[in-house]
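Each remark here refers to the structure printed beneath this line.
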């Protein structure tokens, strides 16, 4: 992600929000990375860092930090802020976003730009959007203006408390909230260029092609960025299903995997996420996290929910919850 941003926008300032804590013996060295700044999750304006983090799984946490991080960068004086997911790669400059932010306060990209043509497409993609959100929040752009700050403050407030994967109750992390954004705020733009936020769920209507000169297209538009969501699991199955036998998208996938291998850290344990486990290494069940966020009365009793031993949250849970 950072490599391709540097290629197409070398003058941009890159901020990394790190929703993790390095394992012993590993150090994130900013001087050897493409980023200009790094902000750890405990440096954000969120209540009781350890307590707040414990109530989220990894996807929930990595999406919940977007709002407070957006507020932080806007407060630093940045004129414009673009959030870009770490599993995105740019293939051309984001000129339309830059143009829109001259006058608009917020830019969103929808998952879909045209109706699905098949029943399977409706089930896989249109109904999925009704559950997960109309807009893909792997990307959002905000201008530092009253309307942009109103959006950022509202979104951050919601994500501090309600960034949960709870589809039956109308929530899907940070995304479902932004379904409301065009209705609640002025100067929200929906970018409908098919070259933006291309992914497994929309390539059927934006087929990837490569010109003789090496330009990559999504439908009739130049590919601006591709979202490689879950490419090693269900994402690849969706790509295979909706590529309709066209090989070009798998050329992108082959290139992307080669860059992941190139950038992979040799000293980072596989699957590492510090907040996945209690202090003794036992994985935290999702039921423990849900109980914790539903029982704020326990937060004063147990200052550090990750701790183990007697008189801890885990011992209380194991004794009191069936």
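Structure notes:
- For the residues 207, 47, 168, a GNM of the chain with alpha-carbon springs under 10 Å puts the largest fluctuation on 168.
- Here the sum of -39500 (n - 2.57) over DSSP H runs of 4 or more residues, divided by the residues of the chain, equals -9500 deg cm²/dmol at 222 nm, to the nearest 500.
- With Cα atoms, 0 to 90° folded angle of helix 146-162 axis to the chain main axis: 50 degrees
- Tilt relative to the chain, helix 248-263 - C-alpha long axis, 0 to 90 degrees, to 10: 40 degrees
- Directionally averaged projected area (convex hull, Cα atoms, region 2-246), nm²: 14.7 nm²
- Descending principal axes extents, region 60-100, alpha-carbon based, whole Å: 29, 26, 13
- Restricting the calculation to alpha carbons of region 1-94 gives Rg and Dmax of 14.2, 41 angstrom.
- Spin-label pair residue 14/residue 295, simplified geometry with 7 Å Cα→Cβ offset, distance in nm: 4.3 nm
- The gain in end-to-end length when the residue 304 to residue 190 segment is fully stretched comes to 36.9 nm, 0.36 nm per residue minus the alpha carbon separation.
- Against the chain, whose longest principal axis is taken from its Cα atoms, helix 66-75 shows a tilt of about 80°.
- Calculated P(r) tail over 17 Å for region 277-320, as whole % of Cα pairs: 19 percent
- Using a Gaussian network model of the chain in which every pair of alpha carbons under 10 angstrom is joined by a spring, one finds that among 193, 297, 157 the greatest mean-square fluctuation is at 297.
- Size-normalised alpha-carbon gyration radius of region 88-168, reference 2.2 N^0.38 Å: 1.32
- Histogram of C-alpha separations across region 172-322, 5 Å bin width, %: 2, 7, 12, 12, 10, 10, 11, 12, 10, 7, 5, 2, 1, 0
- Just checking the listed ones, 240, 204, 29: in the Gaussian network model of the chain with Cα springs under 10 Å, the one fluctuating most is 29.
- Computed extension length for residue 276-residue 128: 50.6 nm, one decimal, from 0.36 nm per residue of separation with the Cα-Cα distance subtracted.
- Stretch gain in nm, segment residue 118-residue 261, where the contour uses 0.36 nm per residue and the Cα spacing is subtracted: 47.8 nm
FYI, it's all coordinate maths here, none of it is from the lab. Please read these numbers as outputs of a predicted model, since none were measured by experiment. FYI the Cβ positions are ideal-geometry reconstructions off the backbone, even for glycines, and counts take in every protein chain you see.
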